[in-house]
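Here is the structure we will look at, set down as structure tokens.
The values are calculated or read from the model by the stated rules, or taken from the named source; none is laboratory data. All figures in this text were calculated on a predicted structure; none of them were measured in a lab. FYI the Cβ positions are ideal-geometry reconstructions off the backbone, even for glycines, and counts take in every protein chain you see. Remember, those area values only see protein heavy atoms, side chains included, never the ligands or the DNA or RNA. Shrake-Rupley method; radii C 1.70, N 1.55, O 1.52, S 1.80 Å.
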Amino acid sequence: MSNLSLGDGKRRGALIRVFVLQVIIQGLASGGDRLNAVLKRHNISDARLGNPYATVDLTDYLGFFEDAAVTFSDPVLGARLGMNLRPGDFWPIGLVLMQSGSISSALAHFCRYAPAFQTGSSFSLQTSAEGLVCSYDVHGGPLEQELFRQDNEFTLACICSQIRTAFDKKWKPLEVRFRHSSSGRDRLLERLFDAPVHFGQARNCIVVEPTEAERQHRNEDRDLISILNQHLGTLVVASNSELSMTEQVQALIHVKLGISSVAIPDLAKEMRMTARSLQRRLEEEGTSVREILQDHRMRMAENYLSRGDMSMEEISNALGYAEPLIFARAFKSWTGRNPVRRHGTRF
């Protein structure tokens, strides 16, 4: 069983809707006593699972998922289950995806409303030189990625399976990236995703070919989507009402950095407020976008350097710097030393 560490506690209070757990448990229903034992170890009872709109602690869910993969001897359990999801399993979000006119529209809806069923996590959609990038991450300590393997693979597999069901059963992403390391089942994952899969990356994401993403497959039922949007919007507000402004900005920076702008006006627009309101709210919490961004860059830089598998150019790009020299200067200003990778390679 995985020993789930909360690190610095930044995910305290993060929740996930019960319906996500129900989908996973249904996929393991043949497990009988083994399944019951895993549920018991993580304090997940029938009473907690009765209402799909109810919530469970995200750490209970993550620990359960990792434990289940070990118990059922299936290192790609999350990806297998995610690929078998139907739109109906995603309640109103699944209906919105099925009504979307294009893949890019569907992904935008998914990223906008995913916080309705999972807090303490980030979903983002950005355009880059590589293509349309749909990213997902649980925020918190950057050194704990092995504890999120099943959830990472399950979530990206869910996105792929929903696109295939809604648009084209033969659709495939350009590539899939994960922050965690390989389990040794790379070829199996590549068959499931029907795309190259990379590990030890800066973010969990799927990369989509832009032209295919924009192609119109159907006329959207705007009236139905409007009704569903209102319902999901209310759930998003309710789900994230306990998150501080600092936590919300941390989440956005976590998924946007290195792909698109994290300037104050752009963050404020994403959060549907004015730049001044965002600055004022952060001032009330004793911080600023600049301080949050620097703290994130410092933590991630140390993580990337300790891994030893990323070049200085790759690290610079992931942290949103124009070139390695600028990153090196910033790193020295933080630490008083030059950046050195684990294997001793200096900038």
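Pick out the one residue from Phe72, Phe64, Phe110, Phe117 that is out of contact with any Asp or Glu (no Cβ under 8 Å at 6 or more places or on another chain) and closer than 16 Å to Ile163 by Cβ.
Phe110
Just a yes or no: is a residue in region 48-57 at pLDDT 85 or above, outside any loop (DSSP other than H, G, I, E, B), over 17 Å from the mean Cα position of the chain (by Cα) and charged (D, E, K, R)?
no
Any residue in region 129-148 that's among the charged types (D, E, K, R): show its pairings with residues that are modelled with pLDDT of 90 or more at Cβ separation under 6 Å, as long as the two are six or more apart or on different chains.
Sorted first by the residue in region 129-148, then by its partner, the pairs are Glu130/Val207; Asp137/Asn204; Glu146/His180.
Hey, among Leu147, Leu224, Leu174, Leu192, which residue is open to solvent by 30 Å² or more (accessible area, probe 1.4 Å), under 22 Å from the mean Cα position of the chain (by Cα) and modelled with pLDDT under 95?
Only one candidate qualifies: Leu147.
Among Arg218, Arg276, Arg272, Arg280, which is the only one that is within 27 Å of Leu132 (Cα to Cα) and either modelled with pLDDT of 80 or more or part of a helix (DSSP H, G or I) (or both)?
Arg218
Condition first: acidic (Asp, Glu) and more than 17 Å from the chain's Cα centre (by Cα). Now tell me which residues in region 61-73 satisfy that.
Answer for region 61-73, where residues must be acidic (Asp, Glu) and more than 17 Å from the chain's Cα centre (by Cα): just Asp67.
Okay, residues lined up against (1) in a helix (DSSP H, G or I); (2) within 25 Å of Val18 (Cβ to Cβ):
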| residue | (1), (2) |
| --- | --- |
| Ala114 | yes, yes |
| Gln126 | no, no |
| Val133 | no, no |
| Cys158 | yes, yes |
| Lys169 | no, no |
| Lys172 | no, no |
| Ser183 | no, no |
| Leu188 | yes, no |
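A quick yes/no check of all residues on (1) modelled with pLDDT of 90 or more; (2) outside any strand (DSSP E or B); (3) open to solvent by 20 Å² or more (accessible area, probe 1.4 Å):
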residue	(1), (2), (3)
Glu302	no, yes, yes
Ser306	no, yes, yes
Met310	no, yes, no
Glu314	no, yes, yes
Ala328	yes, yes, no
Phe331	yes, yes, no
